[in-house]
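One structure is given here, and the rest of the page talks about it.
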Amino acid sequence: MRETRSGGCLCGAVRYEVAWPPLGVSACHCTHCQKQSGSAFSIIARVPREALEVTGILTDFYDTGESGSPVIRRFCAKCGSPLISEIQQEPLDSFFFIKTGTLDDTSSVVPTSHWWTSRAQDWFKFPDGAVIMDRQ
């Protein structure tokens, strides 16, 4: 029996269930994630596409990430909560990246890697032992 976690948007119009644990949890410090999250970074869980089931209406924003790769940013059509990102470049196109703040249970969600650290806020201190990547 596989473990799952549930999550959803702020207004509850979009819900999802995802196989757990994820393949990895990362903090992305790129300027696009900063703007999209309204914060210093975005915490994301990488899961295989088949591990995620979504109900409700998502709206897509088509972006080009700092890497130059196409990124689809999916959010609730009603309240605007960001939920999922897709990077459309191999090998990352076989995964979804879930915004971990949308999980109902965020316990044990700790990023073990940090991406785009060259764009990190000056005040942020990286945890000891974390994988640090200047880019993605």
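Any read-out appearing in this document is the output of simple, stated calculations on the displayed coordinates, not a laboratory observation. Just so it is clear, the model here is predicted, and its values are computed rather than measured. Cβ: placed from backbone, ideal geometry, glycine included. Neighbour counts: every protein chain shown.
Of note:
- Extension gain (nm, one decimal) between T55 and S118, 0.36 nm per residue minus Cα-Cα: 19.1 nm
- Phi angles across region 58-64 convert, under the Karplus curve 6.51 cos²θ - 1.76 cosθ + 1.60 with θ = phi - 60°, into 3J(HN,Hα) values of 9, 10, 10, 10, 8, 10, 10 Hz, Gly and Pro given as x.
- Take the Cβ atoms of M133 and S108, set R0 to 30 Å, and the FRET efficiency comes out at 0.85.
- Shape of region 1-58, Cα gyration tensor, a/c cut at 1.5: oblate
- Between region 1-42 and region 57-136, the C-alpha centres lie 8 angstrom from each other.
- For the pair T64 and A19, label points projected 7 Å from Cα toward Cβ lie 3.5 nm apart.
- Scaled radius of gyration (Cα, divided by 2.2 N^0.38 Å) that the chain gives: 1.00
- Anchor K99: aspartates and glutamates whose Cα lies under 19 Å away (excluding residues fewer than 8 positions away in-chain): E3, E17, E50, E53, D60, D63, E66, E86
- Evaluated at q = 0.17, 0.19, 0.25 Å⁻¹, the base-10 log of the normalised Debye intensity for region 56-103, with identical point scatterers placed on the Cα atoms, takes the values -0.49, -0.60, -0.93.
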